[in-house]
Structure formats: C-alpha cells, structure tokens
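The values are calculated or read from the model by the stated rules, or taken from the named source; none is laboratory data. Note that this is a predicted model, so its numbers are computed, not measured. Cβ coordinates were reconstructed from backbone atoms using ideal geometry, including for glycine residues, and neighbour counts include every protein chain displayed.
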Amino acid sequence: MIQASFKLPHFLTAIAYLFTALTALQAGPDARSPTEGTHHSSAFKLADQNKKSFSFTFPRSSATVFLVFQQSDAPLAKKWKRELQSSTKSRPEIKTVASLGLLPPSFESTISSRIARSTKEPVLLDWDGVFPAPRARSLLIRIVSPCGSFTDITTGRDMKRDVAKVVSQVESTSKSRDCKYCKYKRF
C-alpha cells in the first residue's frame, strides 16, 4: 500500500496558487483592465507581510508609484522596482503591492509568511481589492501624483518597450504643479 504524505502549509500554498491561476484564467485577458485616463485617489491603508500598516493620504510631498502584481509575478515586480529606482530623476516613493483579493482570507497567514521569507523589503498585501487585479504575467503600475490623482499603466514582461513610457509618465506626474480634481497646488 502506497501512502502519500504532505505537509499542511505546503498543501495550502499549492491550493492558493491553483485558486489564483484558475481565477486569472477565468477572468480573461481584458476582464479587469484598469481604466484609462487620470482619476483621483482617496486615502487608504494597507499592511505589509509583517503586519506593519502603511497609510496613504493626500496631498503628499512627492509622487508615489505602486507596482501591483499577482503573487506569481513577484520577480517581475522586483525588476521593475530596481529599473524605476535607477531611471527616474524625481525619485518618487515606490511601493510593491501583492494583489491577493481573489484569495480567501484563510490563506492570509500562509501567504504573509511565504512573502516574509522571500524578501525583507515591505510588500503591501491588498486583500480588499484597493487596486484592480493585474492580468497574469503583467504588472499594473499606478502612478499617483502628490495631490492624489493617478494614472494606471499595464505592462507585460517586455520591460525595454514599456520602461520609457512609465518613466516619462512618472516624471511628468512628479513635475505637475496642480490638480484638476482639487485646489491643491505645489510650489
């Protein structure tokens, strides 16, 4: 008689990956694509893998770039973060966000501990769908101006083609003097 043995945390992680893959395939390539144009963000709060809370309120002193990825695309987000840190002159605040809104809350501790073991940098965990979920093998880059207006850009794995477009948008957002949504003006 053959007996199968497995460890419960590994089994739960495998189920989480399977659930994420199935929901991404079910959604289709354009089901949750970000809205075009510029919109305004309200204040929000997210916790990282170590349960440290980060608050984002507007106006802020500089632009903020959120790199939103599905859990399986974490290496892609790391590459983008390094590239943007070295390419932008305005030095915006860059945060990575794992889009986990499709996973059931029972996986929260398993996913948090897995991310904590893989990186020391804070990775914000979006369990509530604050950001739209990116498609598989892509990244949603949300560029938020100091006053809270934002633009979403979806990128693929071809960084060479997309990085110039993203850097250009980050630089123009960082230089903007005012916002059409509020009376906030930067001087």
Qualifying positions in region 133-148 - crowded, with 18+ Cβ neighbours inside 10 Å and not hydroxyl-bearing (Ser, Thr, Tyr) = Ala133, Pro134, Arg135, Leu139, Leu140, Ile141, Arg142, Ile143, Val144, Pro146, Cys147, Gly148
Taking region 66-102 as the region of interest, how many residues are surrounded by fewer than 21 Cβ atoms within 10 Å (Cβ to Cβ), at pLDDT below 85 and not in a helix (DSSP H, G or I)?
-> 2
Checked region 112-137 for anything among the β-branched types (Val, Ile, Thr) and more than 15 Å from Val68 (Cβ to Cβ); matches are Thr119
Give me a count of the residues in region 103-143 that are part of a loop (DSSP other than H, G, I, E, B), modelled with pLDDT of 85 or more and of a type in the set (Val, Ile, Thr).
-> 1
Scan Ala136, Ala74 and give me the residue that is of a type outside the set (Lys, Arg) and under 12 Å from the mean Cα position of the chain (by Cα).
-> Ala74
Residue ID - farthest from the chain's Cα centre (by Cα), chosen from residues in region 119-132 that are over 23 Å from Ser61 (Cα atoms) and surrounded by 19 or more Cβ atoms within 10 Å (Cβ to Cβ) | Trp127
Of the conditions (1) modelled with pLDDT of 80 or more; (2) farther than 22 Å from Glu171 by Cβ; (3) in a loop (DSSP other than H, G, I, E, B), Lys45 clears all except one; give me its number.
-> (3)
Residues of region 149-172 being over 13 Å from Pro92 (Cα atoms), among the small types (Gly, Ala, Ser) and surrounded by fewer than 19 Cβ atoms within 10 Å (Cβ to Cβ), which ones?
-> Gly156, Ala164
